[in-house]
1. What are the pairs, 6+ residues apart or on separate chains, where a residue within the stretch 95-111 that is in contact (Cβ under 8 Å) with a residue 12 or more places away in the chain and buried (at least 20 other Cβ atoms within 10 Å of the Cβ) has its Cβ under 6 Å from a residue that is of a type in the set (A, V, I, L, M, F, W, C) and assigned to a helix (DSSP H, G or I)?
2. Being farther than 18 Å from His12 by Cβ and aliphatic (A, V, I, L, M) is the filter here, so list the residues in the stretch 79-108 that pass it.
3. Please specify each residue of the stretch 79-103 satisfying the condition of being farther than 14 Å from Met1 by Cβ and assigned to a loop (DSSP other than H, G, I, E, B).
4. Suppose we filter Leu111, Leu89 for residues that are within 16 Å of Pro31 (Cα to Cα), aliphatic (A, V, I, L, M) and at pLDDT below 95; which single one remains?
5. Restricting to the stretch 41-76, name every residue that is among the charged types (D, E, K, R) and either free of Cβ contacts under 8 Å to residues at least 24 places away in the same chain or surrounded by fewer than 17 Cβ atoms within 10 Å (Cβ to Cβ) (or both).
6. Condition first: free of Cβ contacts under 8 Å to residues at least 60 places away in the same chain, under 19 Å from Ala18 (Cα atoms), loosely packed, with under 13 Cβ neighbours inside 10 Å and over 13 Å from the mean Cα position of the chain (by Cα). Can you find one or more residues in the stretch 77-89 that meet it?
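The values are calculated or read from the model by the stated rules, or taken from the named source; none is laboratory data. On a predicted model such as this, the values are computed, not experimentally measured, just so you know. We place every Cβ from the backbone using ideal geometry, glycine too, and count neighbours over all the protein chains shown.
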Amino acid sequence: MATIESTTATLHVRLTRAERFFGLLRDLEVPRSAITAVEAVPAGLRDVRGLRAPGLGLPGVRAIGTWRRRGEKSYVSVRRNQPAVRISLTGQRYDTVLIGTDDAVDVAARLSPGS
């Protein structure tokens, strides 16, 4: 399961070895100043939008990888029946980060701009 860590200056998303392999992703590091919005979503898998390119998508079960749609590129690692945190970014490689975590509300409150 992916972990989200943050310092006063940086946000780190660390993936497991399997997530990196199947999602064709690397761990993500972005400056906290790039975060424009953070929200907790009750079911992360339902909030995945766009086409998978590249990554792993098991319908109704798991989504890991990069999802793209017009004007948006998302970094995704979510599973069925798990809440997630959606992080909107500006000026970075990804526009949105959607990561499943059991304590999504707490993580979202901790990462919100200005906190």
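1. Thr101/Val107
2. Within the stretch 79-108, Val105 is the sole residue that qualifies.
3. Thr90, Gly91, Gln92, Arg93, Tyr94, Asp95
4. Details: Leu89 fails: at pLDDT below 95.
Matching residue, one of Leu111, Leu89: Leu111.
5. Step one: list which residues in the stretch 41-76 are among the charged types (D, E, K, R), which gives 46-47, 49, 52, 62, 68-70, 72-73.
Once the filter is applied, which keeps residues that are among the charged types (D, E, K, R) and either free of Cβ contacts under 8 Å to residues at least 24 places away in the same chain or surrounded by fewer than 17 Cβ atoms within 10 Å (Cβ to Cβ) (or both), the stretch 41-76 yields Arg46, Arg49, Arg52, Arg62, Arg68, Arg69, Arg70, Glu72, Lys73.
6. no
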